[in-house]
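The values are calculated or read from the model by the stated rules, or taken from the named source; none is laboratory data. Keep in mind that this is a model prediction, so the values were computed, not measured. Don't worry about glycine lacking a Cβ; one is built from the backbone with ideal geometry, like all the others, and counts go over all protein chains shown. For the accessible areas, the whole protein counts, side chains as well, though only heavy atoms, and no ligand, DNA or RNA atoms are used. Shrake-Rupley method; radii C 1.70, N 1.55, O 1.52, S 1.80 Å.
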Amino acid sequence: MSVWFTPSVSAYDIVTAPTTPQPDASPLIITSYKTTSAGTDIGFIQIYNDSDSLQDLSAWTITDAENNRSMVINAHAGYIEPGTHVVVAQGGVENATYTMTSWSQVVAVPKIIKSLTLSSTQFKAHISQIGGTVDIWLMRNATTSGYSTSTTAAAFGAPDQPLFDDGLYALPSAPAGLHVVEIYPYASTCDPLDTNVLCGDYIKLVNDSTLPIDLSSYVLRTDSSSSTRTSANTFNLSGYGVLMPGGYTLISQTDGGGQLSLTNSGGYVWVEDVWGLAQFPETMMRYESAGSSLQGYGYARDESGNWQWTSTPMPGSANVITPPPTQECPDGKYLNPETNRCRSLEDTISALTSCDEGSERNPTTNRCRKITTASSTQAACKEGQVRNPETNRCRSIASEVADLIPCNDGYERNPATNRCRKVAVAGSETVKYPVEPYEQGGASMATWWVMGGIGILALSYGVWEWREEIGTAGGRLIRVITRRKQ
């Protein structure tokens, strides 16, 4: 929707968008502007997105080179969609939704603005004011990159020409109740001219809520072929209209009209906004891998909310769950869980290396193991030995019968240690003073070392204090000894 503004009145109304301006090097171009204060200030500018992508308006700056100053568009402005206009005003135009900040610096005597630059870190669009005309609404010519009033008057009937403001991109809320209900990832093989929907993959959505859901704000995504957006895994839902409560919609084609193709090995499906700024995890669904035995089967949600394979895919209506038939294999074959087909046991066994002699293949682990029999489980004990049932080891029969050798005469077996000891003689004299365990008393060895150290220190101190006297006495003693030897 476009709304228009006039510089002279405070009103807006719905109008038809003007002719698309001539392409410029920058994705954003200024299609109209007006100066104020005798040409020294800016009243408003009209910006047009000439690219094919979403542009963040808050990342752009307006520069006045004559006065060496700049201003930025409101940091919370948001995104401008391709092919749309936005009017940004500093003042003087009421009802303008988006504003510019104040100039980066105040100029005491500003010069007349001769040019404006709309720039970002990657792009720049430049305009020039013609003939020194000030405080006049100038519009960008449709056939050239210049700005004039004559084109404005001739094309739109001055003085009340419209200003177009289509509004910024509004991020949609999560589509409550929109769910993936069936995925058909491995289509049936069909004749090239067969147009049956089951000849191609599809995804079915359902509205589980009680309110209609406008699908125009969303796209359906898969991770087939790539985790990033491509034409093969991103499907715009704007052409599917409004999904009523309890209704189903089928996505079986790409935006270019080609046949939808999903990865057979499993993947994810989810919904996000049209520009990929928000993903809605409540819509995400993972589908299982579809082997060759599941070709033509749908992966569907049952009434209990559980997902399972069904042999009766329903592209246009409620799901009908028909589980794949349980296949019974004949004797000599087994069911391969991966392919759901019977496979010969002989083929499986022959594919394995034969076990060594004396070994067999364990049917549980499919590994070789020693062949064991009741008679060959354990080696027989040697002659004169018997197997101990507690330790399962062989032991001497003699030790089994007579565990302990009898003690000699005058000895008895100590029941505590099971060793032989002397027998105490009755009536023998007992020692008056029996031996008692000795407990070391007094100072310990460490104490003696400490006391010795203290004594050495005391002696050293005494020698140092009496060093002169000791030296004198020593000299006298040496002289006496020397005389006696003479």
With every protein chain kept in place and a 1.4 Å probe, segment 285-336 has an accessible area per residue in Å² of 57 Å²
Distance in nm between pseudo-label sites at Thr312 and Arg387 (7 Å out along the Cβ direction from Cα): 6.3 nm
Counting all Cα-Cα pairs in segment 191-334, those more than 28 Å apart amount in percent to 22 percent
Can you tell me the length gained on complete extension of the stretch Val107 to Lys333, counting 0.36 nm per residue apart and subtracting the Cα distance? 72.1 nm
